[in-house]
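The structure under discussion appears below in the form of structure tokens.
Bear in mind these aren't lab numbers, they're just calculated from the coordinates by the rules spelled out. Keep in mind that this is a model prediction, so the values were computed, not measured. Glycine gets a Cβ as well: all are built from the backbone with ideal geometry, and neighbour counts include every protein chain shown.
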Amino acid sequence: DVKVTQSSRYLVKRTGEKVFLECVQDMDHENMFWYRQDPGLGLRLIYFSYDVKMKEKGDIPEGYSVSREKKERFSLILESASTNQTSMYLCASSSPIEAGQGHEQYFGPGTRLTVT
Amino acid sequence: GENVEQHPSTLSVQEGDSAVIKCTYSDSASNYFPWYKQELGKRPQLIIDIRSNVGEKKDQRIAVTLNKTAKHFSLHITETQPEDSAVYFCAARGRGRRALTFGSGTRLQVQP
């Protein structure tokens, strides 16, 4: 059974703080993703990683960075939190995507971040 | 990049009726189309997916159809039950891309 866990379910931070969100998966997946979920906007990809130390920008990377030092762990960093980064953050992982194939993404429980 | 549009944003049906959710995509090279269900307070989970070499796929009460010419795909739920109430997301993955692009979601409410 795939397990994707996130470090916090709820987080409250102040504007300007540096924020770390951590995600851990136990299925030896190569791919890991960070999304933010906002009402009416669906799931928007912030960053993803397809291997240790490898990363690619998603659709909304501004204001965020990521770190993947170990295969099982993918961190999202808000360098200087702002109120417009208040959102639900979801991590996901999947096995490699081969040509013509698609693989299920397994999501974590989410972290609801509030920036005041 | 890929753009996925999803309609309607909310859908209310009576128990036992059918529900249809539609998505369009922009990248004609996209080849994988999954649907995720997110119950209230829970994480999204894959319920069905379809690849571009198939026009239709069924799994019990749910089915997905794909029209590559028109670049749209749909989720069909028959004999809806209260436990089908959730937010449903469609997604598409372009050829050669590693990531999915998700639609904006449809909140389905099944009235008992």
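Shape summary of chain A, radius of gyration then Dmax from alpha carbon positions: 13.6, 44 Å. Which one of A:Gly16, B:Val13, B:Ala29 has its Cα pushed farthest toward the positive end of the charge dipole of the protein assembly as shown, where Lys and Arg give +1 and Asp and Glu give -1 at the Cβ? Value: A:Gly16.
Across the residues of B:91-102, average count of Cβ atoms on other protein chains within 10 Å?
Working: counts 4, 1, 4, 0, 2, 2, 2, 10, 13, 10, 6, 9.
Mean number of neighbouring Cβ atoms from other chains: 5.
Applying 1/(1 + (r/R0)^6) with R0 = 35 Å to the Cβ-Cβ distance of A:Glu17 and A:Lys71, what FRET efficiency is obtained, to the nearest 0.05?
Calculated value: 0.80.
Distances between placed amide hydrogens fall under 5 Å for B:Glu15 paired with B:Gln111, all partners being 5 or more residues away or on another chain. A Gaussian network model of chain A, with springs between Cα atoms under 10 Å, assigns the largest mean-square fluctuation among A:Gly58, A:Gly16, A:Gly42 to A:Gly42. Shown here are the Rg and Dmax of the Cα trace of the protein assembly as shown, at 17.5, 51 Å. Neighbours of A:Val66 by Cβ distance under 10 Å: Lys/Arg scored +1, Asp/Glu scored -1, total +2.
According to the calculation over all Cα-Cα pairs in chain B, the P(r) per 5 Å bin from zero is 2, 13, 25, 25, 19, 10, 5, 1, 0 %. Counting Cβ atoms of other protein chains within 10 Å of each residue's Cβ and taking the mean over peptide B:31-37 gives 3.
Taking amide H as placed 1.01 Å from N in the peptide plane, the amide H of B:Ser30 sits under 5 Å from that of B:Arg95, each at least 5 places away or on another chain. Considering the stretch A:39-97, its Cα convex hull presents a mean projected area of 4.6 nm².
In order along the stretch B:76-87, phi translates into HN-Hα couplings of 10, 10, 9, 6, 4, 10, x, 6, 7, 4, 4, 9 Hz, rounded to whole numbers, per the Karplus curve 6.51 cos²θ - 1.76 cosθ + 1.60 with θ = phi - 60° and x for Gly and Pro.
How much net charge surrounds A:Ser49 when only other residues with a Cβ under 9 Å from its Cβ are counted (Lys, Arg +1; Asp, Glu -1)? Neighbourhood net charge equals 0.
Among beta bridges from DSSP that stay inside chain A, the antiparallel ones total about 90%. Just to confirm a number: summing +1 for Lys and Arg and -1 for Asp and Glu over residues other than B:Gly16 whose beta-carbon lies under 15 angstrom from that of B:Gly16, what do you get? Charge balance in the 15 Å sphere: -4. Around the Cα centre of the stretch A:10-108, unit charges on the Cβ atoms of Lys, Arg, Asp and Glu (plus for the first two, minus for the last two) sum to a dipole of about 400 debye. Averaged over the residues of A:55-67, the number of partner chain Cβ atoms lying within 10 Å of the residue Cβ comes to 1. For the residue pairs A:Lys3/A:Lys53; A:Lys53/B:Lys68; A:Lys3/B:Lys68; A:Lys57/B:Lys68; A:Lys53/B:Lys58, alpha carbon separations beyond 32 Å are given by A:Lys53/B:Lys68; A:Lys3/B:Lys68; A:Lys53/B:Lys58.
Highest GNM mean-square fluctuation among B:Lys42, B:Lys71, B:Lys57, for chain B modelled with Cα contacts below 10 Å: B:Lys42. Within the stretch B:1-67, the ratio Rg/Rh, alpha carbon atoms throughout and Rh by Kirkwood, equals 0.97.
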